[in-house]
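Trainee: One structure, as structure tokens, below. Some questions next.
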Amino acid sequence: MTDIPSKPEILAWIADNPTLTAKRDIARAFGIKGAARIDLKRVLREMEDAGDLEKLASAVQRNATFADVADETASAGMVAERLMQLSQRLTRFSDDDMLKASAIE
């Protein structure tokens with residue numbers, strides 16, 4: 001009989017394989033077949049109830065941690081900063097400059 005993976009093992013596998021999060025994919029990755037799949041479903045349900053996973057149709061998703069959100073926020077901040085730099089460059093041009101540029105095309 002195949003051993004059911006621990007909750008940290010499941011979370012690590014989902015983090016490493018974010019596009020393969022269906023129960024079927026998780027069972028296949030850990031070699032779980034037959035009646036053992038019932039135990040896997042139970043573990044996934046427990047993880048969902050505990051807030052470790054979020055169910056999306058037939059797939060599960062690891063809930064974001066503070067570090068994940070901080071990374072996304074930092075990236076968004078860098079994008080916003082770059083947009084500000086570009087908009088400041090555009091405001092340096094006068095309307096006449098813009099007309100001249102469009103006439104060249």
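Trainee: Can you give the local net charge around K33? Use residues other than it whose beta-carbon is closer than 15 angstrom to its beta-carbon, Lys and Arg +1, Asp and Glu -1.
Mentor: On the way: positive: K23, R24, R28, R37, K41; negative: D3, D25, D39.
Summing Lys and Arg as +1 and Asp and Glu as -1 gives +2.
Trainee: Please list the non-local residues whose amide H lies under 5 Å from the amide H of L53, H modeled 1.01 Å from N, same-chain partners needing a gap of 5 or more.
Mentor: E48, N63
Computed from the coordinates by the stated procedures, all read-outs in this text should not be read as laboratory data. Remember, predicted model here, so these are calculated numbers, not experimental data. Methodologically, a virtual Cβ is constructed for each residue, glycine included, from the backbone with ideal geometry; neighbour enumeration extends over all protein chains shown.
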